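Read through the structure below, which is laid out as structure tokens, and then see the notes.
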Amino acid sequence: MADYITSSLPICTGYLDRTLEIFSLHQHPCIVVGTLAVGWAGVGCLPQEEIDVLVRSADLAVIVEHLLASGGWELADNYVTKDLIPDRTMINSTTIQDIWLKTRIEDPWFHYLRLWPDNLYNLSVDCPKIEVPDLLAKDTLLLEEEYYRDPHRRFGPARASLYPDHIMPRLQIQARLLRPDIPIFIPTIEAHLNALLAQSRLEKETKLRNGNFPGGHIGLFIRYLYLDWTPARDWILDTKNSICNRELMRSKIARYRRGRGKFLWDAELSEWVVGKLPWELGIKRVPTRVERNQPCDAGIDAVLEMRYRQALTFLSTIGSSTPPLFVVGPTVHRVVRAWSALMAPCSFRAFAILQF
């Protein structure tokens, strides 16, 4: 579908081009963390006013200097400290200073750039990371598809590989225009989750907040990746959590309570159900390759013939001369093959659904 301009969004294509050039000049990767990074993990959360970027502590001062000299940013206070916002968790009360810059673009998509020293975010710039197409996706999508754990595809976040047309946001709010060659990264879910757990542990030990919301982000990971499901919980505790964070993650999952009130589609029952957890839904059985290709047996042939004659009788009573089309669950090709002679003149006006 062709992209078009909408008045509900600002027109600021390429608003991060110059910033990316400065990071590239210092041979420093642009690693986005915080809410924007969480959004690429299939988590449904609205972006805030700021772009959170991880910066090596030793390079922080010189990068800030060049960003200010570019004319695109100016030093600013944390906007939560001056606005009447009830949630004041974004205030940093530690001794490690983070830097807030305010954009000078007239009609921006993001108003602030928050530079996180790596020792404040508890995450190294050299951490495992993946490249993302833009700061945010058009829709909520999961890039690391190994975190989609249900083998029966009953629940889980939308996977990016299945929705390629829903990845890039509108052109008017895309971060890059002139410099698509400079990559934008996010930490892997494993690296990000362990950093958030470390922040949460330090916050509890020191009673000081670093200005992030680690507990909330961890809760979002649990909710949208279904980490409270026993197989997913065991998998992530055994393979993705560092030893020092394992018990903390276990306790956070144990405290999480998923609601049962919403409607869920049960593929096995082919109906909406209420009061079930996603993993309590029925599993729709898919016929094996052998079952799909096996020939019709005599018993099915006999039933088909009886139902077919009954359908012809019914159609004659209502004045229709169109032969019926039989669909037998997943074995429609067997019916077509067995009754190809009878169904040759058939149209799709009449259907008889048989279940065995």
*Please work out the ratio of the alpha-carbon Rg of segment 92-227 to 2.2 N^0.38 Å and round it to two decimals.*
1.19
*lysines within cross-link reach of Lys284: Cα-Cα under 29 Å, excluding same-chain residues under 8 positions apart?*
Lys262, Lys276
*Report, by chain and number, residues whose modeled amide H sits under 5 Å from the one on Ile130, excluding near sequence neighbours (fewer than 5 apart, same chain).*
Ile186, Thr188
*What are the ³J(HN,Hα) values, in whole Hz, obtained from phi via the Karplus relation 6.51 cos²θ - 1.76 cosθ + 1.60 with θ = phi - 60°, for each residue of segment 35-50 in sequence order, with x given for Gly and Pro?*
4, 5, 5, 4, x, 7, 9, x, 8, x, 9, 6, x, 8, 7, 10
*Please give the net charge around Arg104, taking every other residue with its beta carbon less than 12 angstrom from that of Arg104, where Lys and Arg add +1 and Asp and Glu add -1.*
-1
*Over 20 Å (Cα to Cα) - which of Lys204/Lys240; Lys129/Lys240; Lys204/Lys252 fall in this group*: Lys204/Lys240
*Scan around Val55 for amide H atoms under 5 Å from its own, H built in the peptide plane at 1.01 Å from N, and keep only partners 5 or more places away or cross-chain.*
Trp116, Asp118
*What number, in percent, do you get for the relative contact order of segment 17-255 if the mean sequence gap of Cα pairs under 8 Å and at least 6 apart is divided by its residue count?*
26
*Difference of contour (0.36 nm per residue) and Cα-Cα distance, Asn119 to Leu68*: 16.1 nm
*Can you give the direction-averaged projected area of the convex hull of the alpha-carbon atoms in segment 17-255, in nm²?*
13.5
*Around Lys129, with a cut-off of 12 angstrom between Cβ atoms, what is the net charge of the other residues, counting Lys and Arg +1 and Asp and Glu -1?*
-4
*Built amide H within the under 5 Å cut-off of Arg159, gap 5+*: Leu142
*Residue by residue through segment 96-102, which ³J(HN,Hα) values in whole Hz follow from phi under the Karplus form 6.51 cos²θ - 1.76 cosθ + 1.60 (θ = phi - 60°), with glycine and proline marked x?*
8, 8, 9, 10, 10, 10, 10
*Rounded to the nearest 0.05, what FRET efficiency do Glu146 and Thr230 have when you use their Cβ-Cβ distance and R0 = 22 Å?*
0.80
*Length added when fully stretched, Asp17-Arg258, from 0.36 nm per residue minus Cα-Cα*: 82.7 nm
*So how much slack lies between Lys284 and Asp181, counting 0.36 nm per residue of separation and subtracting their Cα-Cα distance, in nm?*
32.6 nm
*Convert each backbone phi in segment 147-161 into a coupling constant with the Karplus relation 6.51 cos²θ - 1.76 cosθ + 1.60 (shift: θ = phi - 60°), then list the ³J(HN,Hα) values in order as whole Hz, x for Gly and Pro.*
7, 8, 9, 6, x, 9, 6, 8, 8, x, x, 5, 8, 4, 5
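No value in this document is a laboratory result; all are computed from the given coordinates. All figures in this text were calculated on a predicted structure; none of them were measured in a lab. Cβ sites come from the backbone with ideal geometry, for glycine too, and all protein chains shown count toward neighbours.
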